[in-house]
Amino acid sequence: MRDAPVAVFDSGVGGLSVLKEIQALLPNESILYFADCGHIPYGEKSPAYIRRRCEVIAGFLREQGAKALVIACNTATVAGAADLRQLYPDWPLVAMEPAVKPAAAATRSGVVGVLATTGTLQSAKFAALLDRFANDVRVITQPCPGLVEMIEDGDLHSDALRQLLRSYVEPLLEAGCDTLILGCTHYPFLKPMLLEMIPASISLIDTGAAVARQLQRLLEARDLLSRGPAREAQFWTTANPYHLGNILPILWNKSGVVQSFTG
């Protein structure tokens with residue numbers, strides 16, 4: 001099982017930001033990546049809908065022989081992670097959550113901003129994070145409809161994107177936030193643009209590196225770390241495979257063969 005692949009899935013291409021962190025930390029691990037682009041955006045879907053998608057995708061990736069599963073999507077985590085852990089109690093599973101704890105520890109002004117999807121911000125899991133870690137800070141949430149779709153199209157530089165992103169960030173800065181949580185795995189791809197529109201004193205926090213470290217811990221505890229070398233990454237999508245194939249060099253900085261999945 002050491003040489004079996006690690007599976008990563010997201011509603012679309014956002015999980016590629018997590019995949020980069022995993023490959024940087026664990027270069028010997030072979031990767032299966034599943035992009036549910038045909039059902040994006042998750043952030044505007046019902047929890048029951050997302051839960052069903054999680055079950056379908058996890059079942060498929062398990063059939064492919066994955067030794068561990070990474071849910072590289074905050075919205076999928078809040079809707080489906082608990083159910084998947086019940087379905088597969090012996091399968092190492094790593095999930096995402098907005099970085100409320102490190103942001104609360106990092107803020108100097110006592111005001112933290114959260115950029116996330118509507119589904120993540122409305123979830124009970126996010127409310128529980130606030131109750132647990134943010135009692136001493138003020139957390140201002142900002143739903144960001146439209147950003148995921150633009151990133152899915154490979155748009156990281158347009159004026160339209162800049163204008164939309166600025167409309168979400170400026171209210172947080174005006175409220176005194178000195179720490180911004182990137183609460184969606186798509187948003188790290190916007191860091192270069194964000195850094196152009198925020199003061200240097202503002203901290204940007206996401207959880208991709210923490211997810212990679214947790215995956216490393218789980219694999220190590222089960223003696224499942226691969227000794228390498230890694231095989232070529234495999235990709236699946238529920239939308240047009242040519243589209244994902246064209247996006248990979250932009251967001252992943254590599255090319256890859258993409259297969260279509262219907263289900």
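Residues whose amide H comes within less than 5 Å of that of Y33, counting only those at least five positions distant or on another chain, are V8, Q234, F235, W236 (H built at 1.01 Å from N in the peptide plane). Ranking of V8, V100 by neighbouring Cβ atoms within 10 Å, starting from the fewest: V100, V8. A Stokes-Einstein calculation at 20 °C with viscosity 1.002 mPa s, built on the Kirkwood radius of region 1-139 over Cα pairs, returns a diffusion coefficient of 135 µm²/s.
Between the helical axis of 124-133 and the longest alpha-carbon principal axis of the chain there is an angle of about 60 degrees.
Going from the alpha-carbon gyration tensor of region 1-62, what semi-axes, largest first and in whole Å, does one get by taking the root of 5 times each eigenvalue?
Details: eigenvalues 114, 39, 11 Å².
Working through the eigenvalues yields semi-axes of 24, 14, 7 Å.
Here the Karplus relation 6.51 cos²θ - 1.76 cosθ + 1.60, evaluated at θ = phi - 60°, turns the backbone of region 20-37 into coupling constants of 4, 5, 5, 5, 5, 7, 10, x, 7, 7, 7, 10, 10, 10, 10, 10, 8, 5 Hz, with x for every Gly and Pro.
Helix 74-87 and the longest principal axis of the Cα set of the chain meet at an angle near 40°. Near P188, once Lys and Arg are set to +1 and Asp and Glu to -1 for all other residues with Cβ below 10 Å from its Cβ, the sum equals 0. Based on DSSP H segments of at least four residues, each scored -39500 (n - 2.57), the chain has a per-residue ellipticity at 222 nm of -13000 deg cm²/dmol.
Evaluated over the Cα positions of region 100-205, the convex hull gives a direction-averaged projected area, one quarter of its surface, of 6.1 nm².
Residues in region 146-158 carry Karplus couplings, in order, of x, 5, 4, 4, 5, 5, 4, 7, x, 8, 10, 9, 5 Hz; the curve used is 6.51 cos²θ - 1.76 cosθ + 1.60 with θ = phi - 60°, and Gly or Pro positions show x. Between 0 and 90 degrees, the angle of helix 47-63 with respect to the longest Cα principal axis of the chain falls at about 30 degrees. Compactness of the chain, taken as the C-alpha radius of gyration over 2.2 N^0.38 Å, stands at 0.97.
Counting only other residues whose beta carbon sits under 12 Å from that of E149, what net charge do I get with K and R as +1, D and E as -1? Walk me through the intermediate numbers first.
Working: positive: none; negative: E44, E152, D153, D155.
Computed value for this residue: -4.
Taking amide hydrogens as placed 1.01 Å from N in the peptide plane, the amide H of V139 sits under 5 Å from those of V112, each at least 5 positions away in sequence or on another chain. When the Cα atoms of region 130-263 are aligned to their principal axes, the ranges along those axes come out at 47, 40, 31 Å in descending order.
So what is the diffusion coefficient of region 220-263 in µm² per second by Stokes-Einstein at 10 °C and 1.306 mPa s, using a Kirkwood Rh over Cα pairs?
Details: Rh = 12.3 Å.
The calculation lands on 129 µm²/s.
In terms of surrounding Cβ atoms within a 10 Å radius of their Cβ, T75, T120 rank from fewest to most as T120, T75. Footprinting exposure proxy ranking of M197, M96, M150, M1, fewest other C-beta atoms within 10 angstrom first, gives M1, M197, M150, M96.
Each part reduced to its alpha carbon centroid, region 189-243 and region 117-178 end up 19 Å apart. Three principal axis extents of region 33-94 based on alpha-carbon atoms, in descending order, are 31, 20, 15 Å.
The distance from the alpha carbon centre of region 99-115 to that of region 77-94 is 27 Å, rounded to a whole number.
Every number here is computed from the coordinates shown, using simple stated rules; none is lab data. None of these values were measured; they are calculated from a predicted model. Using ideal geometry, Cβ is built from the backbone for each residue, glycine included, and neighbour counts are taken over all protein chains shown.
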